[in-house]
Amino acid sequence: MTLVTESRRPAHRAPGPDAPRGAPDHGAWFLVLPALIPILILSVGPLLYGVLLAFTDAQSGRTEPTEWIGALNFRDLLHDTLFWESFRIGLVWAVAVTVPQFLLALGLALLLNQNLRLRWLTRALAIIPWAMPEVVVGIMWRLVYNADAGILNETLRDLGLGNGHDWLSGLGTALPAVVVVGVWAGMPQTTVALLAGLQNTPRELHEAAAVDGAGAWRRFCTVTWPALRPVALAITALNLIWNLNSFALVYVLTNGGPGGRTRLPMLFAYEEAFRYGQFGYAAAMGCVMVAVISILLAVFLAGRLRGGAKGGDEA
């Protein structure tokens, strides 16, 4: 005789057609909280505090309580020619670094995508600048640009091209010299992103284009670039935002000098806050920079969404 025992545990049933769909999964929030809490505490909290600080007259070493002054800091900022000059320098710096950074990284990514000998070693060496802290990069390039014993001036002297130059202190050479360092330091991350995009391009498309008689340039224009374009737009937009926010590299190299020729907006805000103690005014500068970066990001996202919707309609 066979005994059949029924389990007291209710059987799991798949949701029927009448079950509500799209209901919030409250259990998922517990999985998100470990990552969300540090972001709220370390990013969102200080950002909101900085926005509130921009509407006060907060100063260091002041015995009177901080007062709410409304938009007075922003009104003064509109007439601050030094800030707008630093903003102009910041835009020049961001564009001058981002454009050659992308072009050189694209060429390097195309080279590293070929079947070269010791390709693994070449790829490892190419990302070394990315692994170095910005402070270390700044100190290293200060030694390269040193007027008396720098390797750059020593090489120029050996080649008979002059007695050297004080690159970081010259009014006409400081910003170009810093731009070169910015391009060198940021190129590896762009190279890695573009190389990943190249490796996702099917080789069959290149082979088919080659069979049809297309040369290297024609294959790049018709096969490589269309597949690489989304990655290129994304990394270029991110680089522009990162370069506009630059601080540590330029601070170590020139500290904003000479004569303010390399004083980026973040450097100017730092000086107002920690050299002159104008915390409220510096916070207003930070709010302006956040607004500018948010606008750039919104334009980029709108373009991506418009491009994705157009691509979906064509499909």
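The values are calculated or read from the model by the stated rules, or taken from the named source; none is laboratory data. Because the structure is a prediction, the values reported are computed rather than measured. Here Cβ is always computed from backbone atoms with ideal geometry, including for glycine, and neighbour counts include all displayed protein chains. With ligands, DNA and RNA removed, areas are computed over all heavy atoms of the protein, side chains included. Shrake-Rupley method; radii C 1.70, N 1.55, O 1.52, S 1.80 Å.
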Checklist entry - Does Thr224 satisfy being touching a residue at least 12 places away in the same chain (Cβ under 8 Å), open to solvent by less than 20 Å² (accessible area, probe 1.4 Å), closer than 24 Å to Ala196 by Cβ and out of contact with any strand residue (DSSP E or B) (no Cβ under 6 Å at 6 or more places or on another chain)? => result yes
Checklist entry - Of the residues Ala216, Ala208, Ala237, which is of a type in the set (Gly, Ala, Ser) and surrounded by 14 or more Cβ atoms within 10 Å (Cβ to Cβ)? => result Ala237
Next on the checklist: I need every pair where a residue in the range 153-164 that is of a type outside the set (Phe, Trp, Tyr) has its Cβ under 7 Å from the Cβ of a residue that is part of a loop (DSSP other than H, G, I, E, B), sequence separation at least 6 or different chains.
Outcome noted: Asn153/Ala147; Asn153/Gly164; Asn153/His165; Leu156/Gly162; Leu156/Gly164; Arg157/Asn163; Arg157/Gly164; Gly164/Ala147
Checklist entry - (1) open to solvent by 70 Å² or more (accessible area, probe 1.4 Å); (2) out of contact with any helix residue (DSSP H, G or I) (no Cβ under 9 Å at 6 or more places or on another chain): which one isn't true of Ala302, the others all being true? => result (1)
Checklist entry - Quick one: what pairs do we get from the range 173-196, first residue in contact (Cβ under 8 Å) with a residue 60 or more places away in the chain, second of a type in the set (S, T, N, Q) and open to solvent by 40 Å² or more (accessible area, probe 1.4 Å), C-beta under 9 Å, 6+ apart or different chains? => result Thr190/Thr236
Checklist outcome for this item: Listed by first then second residue, the pairs whose first member lies in the range 228-244 and is farther than 17 Å from Leu305 by Cβ, whose partner is part of a helix (DSSP H, G or I) and open to solvent by 60 Å² or more (accessible area, probe 1.4 Å), with beta carbons under 7 Å and at least 6 positions apart or on separate chains, are Leu240/Leu296; Ile241/Leu296; Ile241/Leu297
Checklist entry - Restricting attention to the range 112-128, which residues are among the β-branched types (Val, Ile, Thr) and open to solvent by 60 Å² or more (accessible area, probe 1.4 Å)? => result Ile127, Ile128
Checklist entry - If you take just the helices (runs of 4 or more DSSP H) that sit entirely in the range 222-275, which of them hold at least 3 residues that are acidic (Asp, Glu)? => result none
Checklist entry - So, of the residues in the range 70-97 that are closer than 13 Å to Ala283 by Cα and aliphatic (A, V, I, L, M), which turns out to be least open to solvent (accessible area, probe 1.4 Å)? => result Leu77
Checklist outcome for this item: Every listed condition ((1) crowded, with 18+ Cβ neighbours inside 10 Å; (2) closer than 30 Å to Leu53 by Cα; (3) out of contact with any strand residue (DSSP E or B) (no Cβ under 7 Å at 6 or more places or on another chain)) holds for Gly280 save (3)
